[in-house]
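Engineer: Sharing a structure here in structure tokens format.
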Amino acid sequence: MGESLLAFLSRPIAEAVDITRHSRRVRRLKILLPTAAVLLATALILWPALKPSQIPAEKRETSTVEMTEARFSGFDGRGRAYTITSSHMEKMGEETVHLAYPMADISLSGNNWLALRANSALLDDTARRMDMTDRVVVFHSGGYTLDTQTLAFDMESGDIWSHDATTGQGPRGLVRGTGFRLDAASGDLVFAGPAFLSISPAPSQEMP
């Protein structure tokens, strides 16, 4: 059957339309393919961050250093021994650690000793100093105790001191001051004024 004149005349137009449609598809593919490549590369980069739970626990890095039942020991500049313990230690900086419920046993001259207790402390190994805070209690081998809110311990000289209100009690009476300093070398305990002193009366002794 012969081709109609209308079909014959329409053939170039149809071919042109097909060529135009093909060109459009090629242009779309040129745009879509680079876009898909960029999205795929981005997904590969972000995938580890989107699934942190897939990283083994032993490979995760942490900057926190902690220890339970920590213990430090050493000697001051005069060779007197001291020991510091803590229920929990956490490293706060290059040379500073935080101590929870610290306790310190310090040797003094003349076979005397001190025992320190507090709820918290910061220990600076470079400065060789420990700063105790929150309900600080000092026990002295001579039989007296000191109560204050802050206390500094110089691990080089062995001295301890406080600039906060302090109450001292012992066999000889009661003393209150705005602070104190205990010299480890001489054993002298000096309270900062204004201070209040109450002396307990000596027990009466019957004549033989």
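Engineer: Would you say ASP159 is touching a Ser or Thr at 6+ places or on another chain (Cβ under 9 Å) and among the acidic types (Asp, Glu)?
Structural biologist: Criteria not met by ASP159.
Engineer: Do you know which residues across the stretch 75-110 are exposed (fewer than 14 other Cβ atoms within 10 Å of the Cβ) and closer than 18 Å to GLY142 by Cβ?
Structural biologist: Passing the criteria: SER109, GLY110.
Engineer: Among the residues that make up the stretch 170-184, is at least one of them among the polar types (S, T, N, Q) and at pLDDT below 95?
Structural biologist: Looking through the stretch 170-184, none of the residues is among the polar types (S, T, N, Q) and at pLDDT below 95.
Engineer: So, TRP113, is that one of a type in the set (Phe, Trp, Tyr) and in contact with a Lys or Arg (Cβ under 7 Å, 6 or more places away or on another chain) or not?
Structural biologist: Spelling it out, it is not the case that TRP113 is of a type in the set (Phe, Trp, Tyr) and in contact with a Lys or Arg (Cβ under 7 Å, 6 or more places away or on another chain).
Engineer: Against the condition part of a loop (DSSP other than H, G, I, E, B), at pLDDT below 95 and over 30 Å from GLY173 (Cβ atoms), how does GLY77 come out, does it pass?
Structural biologist: Criteria met by GLY77.
The values are calculated or read from the model by the stated rules, or taken from the named source; none is laboratory data. Just so you know, these numbers come straight off a predicted model, no measurement behind them. Positions of Cβ are generated from backbone atoms using ideal geometry, with glycine treated the same way; all protein chains shown enter the neighbour counts.
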